[in-house]
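The structure under discussion appears below in the form of structure tokens.
Every number in this text was worked out from the coordinates using simple rules, so none of it is lab data. All of these numbers come straight from a predicted model, not from anything done at the bench.
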Amino acid sequence: MKTYRSTSINYENNKLQTILIAVIFCIFIALINYNLIFTFLSIISIFFLTRYSILNDKKKYLEIYFEDEEVIIEYPNIQKTIKVQYTDLKNLTYINPRKSLNKYNSLKYIENGNIKKITFLSVAKNEGYIDFLKWLYNKNSEIKFNAYPPDENMEYRIQENFGLKYRKILNETL
């Protein structure tokens, strides 16, 4: 029984970054403005915005499990679990973290007749990712795989294993 697993953002790291940015911003406001009331109100508003950002990141944190029967998406901080059948998966996009600002993979699936999208860190790297795609393709042969950016080596690996769609489109445009 092979199970693949991944998570979304690490909200503990994001919390530290958010607090650090808020502290630097508060110091910046305190040094620039000589009005004590404006400085005090700015620091209070930054405090509430930081708190909102941390709570929002905590709600978005998810863990995804690709099990034999279904995909399980857990939101442990809000006690929510979504179970998705493999036949409901529509698109999986690999995004190279070295060449893009967005370092998360995205998965589109159907839930209650609507298309939903989640983002998460990569399940595996290099050949392990291709093995994961083959395993997933055996579960649902209708799923589409993409890689971003388009010149990424992973795109050619996906084409090599699942068809040369990109090159057909490229030949039609020439």
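Assorted remarks:
- Too-long pairs where the Cα-Cα distance tops 28 Å, listed order kept, from LYS60/LYS144; LYS58/LYS108; LYS59/LYS139; LYS58/LYS144; LYS58/LYS83: LYS59/LYS139; LYS58/LYS144
- Phi angles across segment 20-29 convert, under the Karplus curve 6.51 cos²θ - 1.76 cosθ + 1.60 with θ = phi - 60°, into 3J(HN,Hα) values of 4, 5, 5, 5, 4, 5, 4, 5, 4, 5 Hz, Gly and Pro given as x.
- In sequence order, segment 58-70 has phi-based couplings of 5, 5, 7, 4, 9, 10, 10, 10, 9, 9, 4, 8, 7 Hz under the Karplus curve 6.51 cos²θ - 1.76 cosθ + 1.60, θ = phi - 60°, and Gly or Pro positions carry x.
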